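Novice: Would you mind keeping the following structure in view while I ask a few things?
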Amino acid sequence: MFVERFLAFISLSGEAILTVDGFLPKLLAGTVAACAALYATTSGVKAIKDWWGIVATDSLPIDEAIGASELVQIQGRVRPAQPDDVFVSPILGEECVAYEYDIRKVVQDSGRTRIDSATKYNSFIISDGVTDILVDPDKESLSLNTTTKTPSTKKSIEQELADDRLEVDPSVYTSVLDNITKPIEVSEGTIGVGEKITVVGRATPVPAKAVTDADAVMMSEEAHLTVMNDDSGNTALRKAGRGSFLLLFGVIFGLFTIVILTPVILDIVEMLV
């Protein structure tokens, strides 16, 4: 009976289905708004938890962190988990276990337009010289101190980007009009081999399948992992700002969902009763 009434409702609504105010467009718009609200809310909650993890955790020696059953903050030097787990960063040419870069065209009166960006990382060891922890990050867990350069002439742009490691033609980053080149902004952050960094996470036993002699592991899926060589206060502020923005975004789209879907649901109920 329910199915028959629902099909009858769809049939009676047939003329309106293909219009802007039709049943299916409203249902689709409401579904998209609901998905956006869910994604923004869950991402916002994660960012707020990451912020709280930075400001509320105590800094412990690495050996003590292994025995803790909660989030901790540790500091140590970086080395690759395996000899081949090392990159050369494409902009600065630094030996590292993780990097991210961003290239934007600076356009007057309209801000910056992204041309290219990428993030690459491997698992690595953080050590105090006695105890080792394997850190397995993901893109969201990295918070890197970046170096920014703004070459302003065609020659300096080509010199800045004339590197096979980028696997691009430097000319794509230049825009020449009457011999005037629009500047670009090149930013890169790395976690260098031997660099001292801070990690917030939960130390757990090393999985049996892991090929490492580390004493414990911090994994991105295990807890709210944050890997930073930036100032922890700056990282916390960014996490808090991002989380607040995403939660606000989630509330707005949640309201859109209610406004869009409520009439649709009422119409369905009215037809089926």
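Each value in this text was obtained by applying a stated rule to the coordinates, not by laboratory testing. Every value quoted in this text rests on a predicted model; they were computed, and no experiment measured them. Neighbour counts are summed over all protein chains in view; Cβ atoms, including those assigned to glycine, are modelled from backbone coordinates with ideal geometry.
Novice: Just list whichever of Lys49/Lys105; Lys49/Lys139; Lys196/Lys239 have alpha carbons separated by over 28 Å in the model shown.
Specialist: With Cα atoms farther than 28 Å apart: Lys49/Lys105.
Novice: Continuing with the same structure: Quick one: if the Förster radius is 22 Å, what FRET efficiency do Leu92 and Thr113 give, using the C-beta to C-beta distance and rounding to 0.05?
Specialist: Step by step, r from the Cβ atoms, then E = 0.45.
Novice: What whole-number distance in Å separates the alpha-carbon centres of segment 39-111 and segment 224-242?
Specialist: 8 Å
Novice: Moving on to the next point. What is the sum of charges around Trp51, taking Lys and Arg as +1, Asp and Glu as -1, for the other residues whose C-beta is under 12 Å from the C-beta of Trp51?
Specialist: Overall, the nearby charge balance is +4.
Novice: Report the local net charge at Met228: Lys and Arg +1, Asp and Glu -1, summed over other residues whose C-beta lies under 13 Å from its C-beta.
Specialist: For residues surrounding Met228, the net value is -3.
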